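FYI, it's all coordinate maths here, none of it is from the lab. Please read these numbers as outputs of a predicted model, since none were measured by experiment. Cβ: placed from backbone, ideal geometry, glycine included. Neighbour counts: every protein chain shown.
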Amino acid sequence: VPSHDNMGFFNLVGVPSTFLKYIQNTGLESFIDLDIIDSTLASSQSILDIGAGYGRVLHYLRRFHPGKKRVTAVEQVNMMGRYLTEHFGNHYELIIQDIFDYPLTQSYDCMLLLWATLCSFSAREQETLLTYLGKHLSVQGVIVIDLPDIRSEAPVNLDLRHSDHYFRYEQGTEFWCHIPGESETALLFQKTGLQELRRIYYESKSGVPRVS
């Protein structure tokens, strides 16, 4: 299932009010996922944010790290791209395009796939994406991936026998995702040539277990 199968969802939910509601439901409105990697963000001279959405990461960087110059945000949904351009276009480089269609021409110290952005891609796409990103990672660079911690079924009521899930929202919208578990994530890193896998387990503000 390609990531663009979720375009109907993204085009219907609206920006930014509905997404603010969703981020509150997941308990990430307090930036806890960014706080735990703040030292990495602070030491990175270049940052690539994939799936920038309504600019949550950009807002955090502008507020807490205003001196960052080499920040690139990639977002393929045109509606969100217009919102990003209006609010962040004078501060950061914005790429309103599918990451698979955008030729990266420089390396980055830190690449971000937060708020389960990786899950929008199929298992095959995840491998392709991480392989591609790894080729543009600086020598000491890191890729930060934030996911639901599916070791605990209760918060999201998932059938853990499978990695593919559908979430249904209002307006008849539906969101498909592929959530890799621990063993699949480890194999994914091995296949894509990434050198070291470190996990940080935490709970969001709403008590949802997550892992970065």
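The three principal axes of the Cα atoms in region 36-144 give end-to-end lengths of 35, 34, 26 Å, sorted in falling order. Rounded to whole numbers, the Karplus 3J(HN,Hα) couplings from phi for region 103-120 are x, 5, 10, 9, 9, 10, 7, 9, 10, 10, 10, 9, 6, 6, 4, 4, 5, 6 Hz, using 6.51 cos²θ - 1.76 cosθ + 1.60 with θ = phi - 60°, and x at Gly and Pro. Please compute the net charge surrounding LEU188, taking Lys and Arg as +1 and Asp and Glu as -1 over other residues with Cβ under 12 Å from its Cβ. Summing Lys and Arg as +1 and Asp and Glu as -1 gives -2. For LYS21, a cut-off of 20 angstrom between C-alpha atoms picks up these lysines, skipping any fewer than 8 places away in its own chain: LYS205.
What net charge do the residues around ARG70 carry, taking every other residue with its C-beta under 13 Å from that of ARG70, with Lys and Arg at +1 and Asp and Glu at -1? Counting the neighbours of ARG70, the net charge comes to -1. Distance between the 7 Å Cα→Cβ label points at LYS135 and LYS205: 4.0 nm.
Two decimals is fine: what is log10 I(q)/I(0) at q = 0.14, 0.15, 0.16 Å⁻¹ for region 64-123, from a Debye sum with one equal scatterer on every Cα and no solvent? Listed by q, the Debye log ratios stand at -0.45, -0.52, -0.60.
Which net charge results when you count Lys and Arg as +1 and Asp and Glu as -1 among the other residues whose beta-carbon is under 12 Å from that of LEU118? That works out to -4.
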